[in-house]
Amino acid sequence: MSRIVAAMSGGVDSSVAAALLARERGNDEVIGVWMRTHADMPEGYELSRSCCSPDAADDARRVAQLLDIPFYTLNVEREFGERVIDAFVDSYLDGATPNPCQACNQYIKFDELLKRGLAAYGADAVATGHYARLEHRDGRWRLMRAADADKDQTYFLWVLSQDQLARTRFPLGELTKPQVRAMAAELTLPTAQKPESQEICFVPLGDYRELLEERRGYAGEPGPIVDADGTTVGTHTGYAHYTVGQRHGLGVALGEAVYVREVQPATNTVVIGRRDEVAQRSFSVDGARFTAGDPPGERFTGSVRIRHRAADVAAEVTMVGHDRFVIETAEPVWAPAPGQAAVLYDGEECLGGGRIARSEG
Amino acid sequence: MAIYLDHAATSPLRPAVLEAMQPYLTTHTGNPSSLHASGRRARQGIDEARETIAASIGAQPREIVFTGGGTEADNLAVKGVAWAATSRGRHVITTAVEHKAVLNAVAVLERSTFEITVLPVDGHGRVDPLDVAAALTDRTTLVSVMAANNEVGTTQPIEAIGEIVRGHGARLHVDAVQWAAHEPIDVDSWQADLVSLSAHKLGGPQGVGALYVRRGTQLLPQLQGGSQERQRRAGTENVAGIVGFGAAFSLVHGDPEARRAESQRLIELGRALTTGLLAHDGVSVTGHPDERLPNNVSVVIDGVEGGDLVAALDLEGVEVSTGSACTSGSTEPSHVLLAMGIDPHLAHGSLRLTLGPETSREDVDATLAAFERVLPRLRTTQGAQPKATVPA
């Protein structure tokens, strides 16, 4: 008997994904698993809309009961703390913008859960409620954009290897969000009407500054905000509280909209610029990975996306060694933020990507 | 049908118990405090159950207070006595391996300026009565020690402790929730002033417990309300539950000869199970080799996450638990195993199998076969972990 783990967050997407699997494979081959990623928030501080609150565990359990599938809670607090939360914090301290959903996919859902799922449940694959598709063509697994372009989540999945893709299922890949909601209602799942979770699951109320202090003792030290010429135009509360592209909370009035252009940890400096000054046509990327294992070539064309839900831009990619590349885009892209992913596509197929590197100089 | 080896969590309701409860759910449904016939009939059920339980532990019926479970009984004993005796002192002694119902109750006392002494245990989970003697001061008002541990089944030298506490004048509370499912109780030979009991550990319904309170023991009620249970526990009684509790108690303790024979049977099955588990590398027994409950088999398994093993066995149709069902939601390794000096890493791989009246030799063999099927894959995927040892 081949079993499959359905990662259940308590949200509508993973609930429907589990339901589809249970319908397709029979309910004794699908194991519902909710992952405890971090300790419960103190009372009154609860993230009711987040995927990791005790409420979410209750919802996931109720759905599993309705589907009549075994359901377990898997404790991944330690792994999540190191691989996702610490990495998130360190990214800010590094003057970069973290990518926690990608880290969670890479290290938790499609690694720890796969390993533990095999050990504990004898399961050989993991299914999630991500909007993405998989195709097996010409001898390899291909990660494809979701049918619902608006919901496509390949931006967070580019990092998966052939090995991981081979043991992954995305039951929602061909569906649109309204279809998924309709299905949830039809199955009378308690999660059918749940609002979308947008916030980062371990950051209460979207304010990550407390986390910097709690995990790394970073309280923030005021420093200068400078313009492109190096002229001090204001004061910030600590460089790690700012990310590239940020507009709000700068407290600088220069008569026109200004954005964070660069964060410099070494000098505790935040550099700002006008809108056209934060756009770039060329930037380098490290930590490159390709779903096929290797890049399509030393130099190739495709399109690149530098943040979730941003439009793709046509780009030329030049490999530098095996895990770095330089991107030149056909038109300027707005504020490539160090730490964020640059994800490469060839039409509908996600080829892989990397981590946007700090610009030189 | 799954093999159920989790009797220490809940021992399933016995058919005879259900039968005894039935009339109180369908016919005798009055409020036992009511004066009319329906009320009196319900009251009769409670009175009979109270007499049954009192008689089998050597107590008077009026010394039994029914509660909503073992946890409530522990809370009532610990907080009730500590608060009632503040004119004599504010010092409470307990042990590191108590159930959370006791440990968290004393933690609350500690925040109210009580002084708490938590006694250590040896590698088998046993308390040294001399440690109790050394910890007693003239401000000590309560000593709370469990008769048998819920995770590893180790029993405590209650009589020796009772002797020491009696001579001193403090009150002795014994959490006998696990003990009572297998071993007889005589409150006088224990010299106990308070004893906690629970119905569902011995085949009764969940949500019912009792506290034995020796006559003359000052107790501050923890629930305010009506005058039920001689003003020691307010609230309308769970009549059917209490009747079931009495019936379950009779089944276990009504025939001492049969009880001894059943204990012997469980010991032998447990021995076979232990031997089978120990045949695998990296498995060690936790708890005392002899001074333990007859139905408890507890081990730690190197290189395995207990929760994963429990899930794997569940999917094989074998129902067991890690440490205790009450704490299996938490990440921290069992406080009992840590108190016994077991390496925290190893303590994550704990497994508790608790046998019951329906357990057969075939169940033991099938459990061992299931264990053998899942262990290799748990070990390969979770990798080699640093070696750790159980202290002797």
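The values are calculated or read from the model by the stated rules, or taken from the named source; none is laboratory data. Because the structure is predicted, anything quoted here is derived from the model rather than measured. FYI the Cβ positions are ideal-geometry reconstructions off the backbone, even for glycines, and counts take in every protein chain you see. For accessibility, only protein heavy atoms count, side chains too; no ligands or nucleic acids. Shrake-Rupley method; radii C 1.70, N 1.55, O 1.52, S 1.80 Å.
Values computed for the structure shown
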{"read-out": "Dipole axis of chain A (+1 Lys, Arg; -1 Asp, Glu on Cβ), positive-most option in A:PRO265, A:LEU250, A:ALA7", "value": "A:ALA7"}
{"read-out": "Accessible surface of the protein assembly as shown, 1.4 Å probe, proportion on carbon and sulfur as whole %", "value": "49 percent"}
{"read-out": "Qualifying GluC sites (Glu not before Pro) for region A:300-361 [loop in DSSP, other Cβ within 10 Å: at most 11]", "value": "A:GLU360"}
{"read-out": "Rounded to 5, percent antiparallel among DSSP beta bridges of chain A", "value": "75 percent"}
{"read-out": "Kirkwood-Stokes translational diffusion coefficient of chain A, alpha-carbon pairs, 20 °C, 1.002 mPa s, µm²/s", "value": "99 µm²/s"}
{"read-out": "Listed residues B:SER298, B:SER189, B:SER112, most fluctuating in chain B (Gaussian network, C-alpha, under 10 Å)", "value": "B:SER112"}
{"read-out": "Loop GluC sites (Glu not before Pro), region A:197-297, which have at most 14 other Cβ atoms in a 10 Å radius of their Cβ (DSSP)", "value": "A:GLU199, A:GLU256"}
{"read-out": "Label-point separation in nm, A:THR231 to B:GLN22, each point 7 Å along Cα→Cβ", "value": "9.3 nm"}
{"read-out": "Accessible area buried, both sides summed, chains B and A with 1.4 Å probe, Å²", "value": "1100 Å²"}
{"read-out": "Shielded residues, region A:93-115 - accessible-area loss of 10 Å² or more between chain alone and all protein chains, probe 1.4 Å", "value": "A:LYS115"}
{"read-out": "Chain A - mean residue ellipticity at 222 nm from DSSP helices (-39,500 (n - 2.57) per run, n ≥ 4, rounded to 500)", "value": "-5500 deg cm²/dmol"}
{"read-out": "Highest-MSF residue in chain A out of A:ASP90, A:ASP152, A:ASP276 [GNM, Cα springs under 10 Å]", "value": "A:ASP276"}
{"read-out": "Accessible surface, per residue, of region A:201-274 when the full set of protein chains is kept, probe 1.4 Å, Å²", "value": "51 Å²"}
{"read-out": "Distant-in-sequence amide H partners of B:ASP6 (H built 1.01 Å from N, under 5 Å)", "value": "B:THR354"}
{"read-out": "Per residue, the convex hull volume that the Cα atoms of region B:174-234 enclose (Å³)", "value": "91 Å³"}
{"read-out": "Residues of region A:159-186 with amide N under 11 Å of the 7 Å Cα→Cβ point at A:ASP150", "value": "A:176-179"}
{"read-out": "Of every Cα-Cα pair in the protein assembly as shown, the percent that sits beyond 33 Å", "value": "61 percent"}
{"read-out": "Formal net charge of residues neighbouring A:LEU344 (Cβ-Cβ distance under 15 Å; K, R +1; D, E -1)", "value": "-3"}
{"read-out": "Greater than 26 Å apart at Cα, pairs in A:LYS109/B:LYS100; A:LYS109/A:LYS151; B:LYS79/B:LYS201; B:LYS100/B:LYS201", "value": "A:LYS109/B:LYS100"}
{"read-out": "Whether region A:279-356 is rounded, prolate or oblate, judged on the alpha carbon gyration tensor where a/c under 1.5 counts as rounded", "value": "rounded"}
{"read-out": "Under-5 Å amide H pairs with A:VAL320, H placed in peptide plane, nonlocal only", "value": "A:PHE325, A:VAL326"}
{"read-out": "Gap separating the Cα centres of region B:82-161 and region A:53-104, nearest whole Å", "value": "39 Å"}
{"read-out": "Counting DSSP beta bridges with both ends in region B:15-253, the antiparallel % (nearest 5)", "value": "35 percent"}
{"read-out": "For region A:221-277: Kirkwood Rh in Å [reciprocal of mean 1/r, alpha carbons]", "value": "10.9 Å"}
{"read-out": "Rounded accessible area per residue of region A:279-356, 1.4 Å, Å²", "value": "43 Å²"}
{"read-out": "Calculated [θ] (222 nm, deg cm²/dmol) that DSSP helices of n ≥ 4 give over chain B, each run adding -39,500 (n - 2.57)", "value": "-13000 deg cm²/dmol"}
{"read-out": "Neighbour net charge for A:ALA292 - beta-carbon separation under 9 angstrom, K R +1, D E -1", "value": "+1"}
{"read-out": "DSSP loop trypsin sites (Lys or Arg not before Pro) with at most 15 other Cβ within 10 Å: longest gap in chain A", "value": "A:1-246"}
{"read-out": "Net charge of Cβ neighbours under 12 Å - reference B:ARG166; Lys, Arg +1; Asp, Glu -1", "value": "-2"}
{"read-out": "Separation between Cα centres of region A:252-325 and region B:284-302, rounded to whole Å", "value": "59 Å"}
{"read-out": "For chain B, projected area of the alpha-carbon convex hull averaged over all directions, nm²", "value": "19.1 nm²"}
{"read-out": "Of B:GLY89, B:GLY244, B:GLY356, the one that fluctuates the most in a GNM where chain B has Cα springs shorter than 10 Å", "value": "B:GLY89"}
{"read-out": "Spacing of the two label points (7 Å from each Cα toward its C-beta) at B:GLN218 and A:ASP86, in nm", "value": "5.3 nm"}
{"read-out": "J(HN,Hα) series, region B:209-224, from Karplus relation 6.51 cos²θ - 1.76 cosθ + 1.60, nearest Hz, glycine and proline x", "value": "x, 8, 10, 6, 10, 4, 3, x, 7, 5, 9, 8, x, 9, 10, 9"}
